[in-house]
1. Scan the range 207-242 residue by residue and report those that are part of a helix (DSSP H, G or I) and of a type in the set (Gly, Ala, Ser).
2. Please go through the range 148-186 and pick out each residue that is open to solvent by 60 Å² or more (accessible area, probe 1.4 Å) and either over 25 Å from Gly221 (Cα atoms) or within 15 Å of the chain's Cα centre (by Cα) (or both).
3. If we keep just the residues of the range 187-212 that are among the small types (Gly, Ala, Ser) and at positive phi, which is least open to solvent (accessible area, probe 1.4 Å)?
4. Mind checking which residues of the range 70-90 are touching a residue at least 12 places away in the same chain (Cβ under 8 Å) and farther than 17 Å from Gly206 by Cβ?
5. Only one residue in Lys141, Lys98, Lys94 is under 20 Å from Arg222 (Cα atoms), surrounded by fewer than 19 Cβ atoms within 10 Å (Cβ to Cβ) and touching a helix residue (DSSP H, G or I) at 6+ places or on another chain (Cβ under 7 Å). Which one?
6. Give the residues of the range 146-169 that are modelled with pLDDT under 95 and closer than 17 Å to Leu207 by Cβ, sorted by residue number.
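The values are calculated or read from the model by the stated rules, or taken from the named source; none is laboratory data. Fair warning: this is a prediction, and the values are worked out from it, not measured in the lab. Every residue, glycine as well, gets a Cβ built from its backbone with ideal geometry; the counts of neighbours run over all protein chains shown. Quick note on the areas: whole protein, heavy atoms, side chains included, nothing else; ligands and nucleic acids left out. Shrake-Rupley method; radii C 1.70, N 1.55, O 1.52, S 1.80 Å.
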Amino acid sequence: MEPQTIPSCSVTPENASPDYQRLYEELRDRQQLMLSQISHEIRNPVTLINSFLQLFQTHHPDIVQDECWTKIMENMHFLIALLEEFSSFNNSAKLNLKNVSLDAIIKETVDSLTPLCHSLGISLVYQKETAIPLIQADPVKTRQVVLNLLTNAREAIGTQGLISCTLSCDGENIYLCVKDTGSGIPSSYQKDIFQPFVTHKQGGTGLGLAICQRIVQAHNGRIYFRSVPGQETEFHVVFPIT
């Protein structure tokens, strides 16, 4: 199956005139500021409501036995998670660049997820196929990409399966591949998989892969996937060295 890509227009901020680039950056900054303000205004009452709910539970501990209370708290936790994801999405293109070892970041992330995967009967294997140079990247956001892809792979498998993670370099780019033996992505879901707020996962926010794409693109890289419905999925991330 051919790599899945997002259609783009012929004029982009990279190849446009300086005036267009300035206008694009100004509109982008205004949009991010507006989204940050909206998120902030929503977060304040949500935090206050959550605090009162916890206080109410302390005063009335028997309330936890009520099914309605359980549903209220589940939705409150989902709302808080959604706000956090929304904030991550809005700030995903803002990078704090440092000399980064992608090999070290992947090793640390794999090590942190290995115990959970093993408890589910999932083998998590990482292989560095070539020497990997340091690159200028945001260590926090690149780890977020790796963690998101590995978590998606684990959730796609459920129990009993294999996640393989490989890293290689050809002198110009670094290539990360995360492959799982899950059930694949249905064809009808594939066209909008990177679109924000589009999710086919129960309890999902629809922002995880959108955040990954924005982070990778902010590093002048690209992300795509191949998936065979009913069989397996592999995500590829390409980071340029310079």
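1. Step one: list which residues in the range 207-242 are part of a helix (DSSP H, G or I), which gives 208-218.
Those that are part of a helix (DSSP H, G or I) and of a type in the set (Gly, Ala, Ser): Gly208, Ala210, Ala218.
2. Glu155, Thr159, Gln160, Leu162, Thr181, Ser183
3. So in the range 187-212, the residues among the small types (Gly, Ala, Ser) come out as 187-188, 203-204, 206, 208, 210.
Okay, now just the ones that are also at positive phi, so 203, 206.
Values: Gly203: 61, Gly206: 15 Å².
Filtering first and then ranking leaves Gly206.
4. Initially, the range 70-90 is screened for residues touching a residue at least 12 places away in the same chain (Cβ under 8 Å), giving 72-73, 76, 78-83, 85-90.
Listed by number, the residues that qualify are Ile72, Met73, Met76.
5. Numbers: Lys141 fails: surrounded by fewer than 19 Cβ atoms within 10 Å (Cβ to Cβ); Lys94 fails: touching a helix residue (DSSP H, G or I) at 6+ places or on another chain (Cβ under 7 Å).
Matching residue, one of Lys141, Lys98, Lys94: Lys98.
6. Of everything in the range 146-169, those that are modelled with pLDDT under 95 and closer than 17 Å to Leu207 by Cβ turn out to be Leu147, Asn148, Thr151, Asn152, Glu155.
Conditions tested, residue by residue: (1) closer than 24 Å to Phe235 by Cβ; (2) among the β-branched types (Val, Ile, Thr); (3) open to solvent by 50 Å² or more (accessible area, probe 1.4 Å).
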{"position": "Cys68", "(1), (2), (3)": "no, no, yes"}
{"position": "Val110", "(1), (2), (3)": "yes, yes, no"}
{"position": "Lys128", "(1), (2), (3)": "yes, no, yes"}
{"position": "Val145", "(1), (2), (3)": "yes, yes, no"}
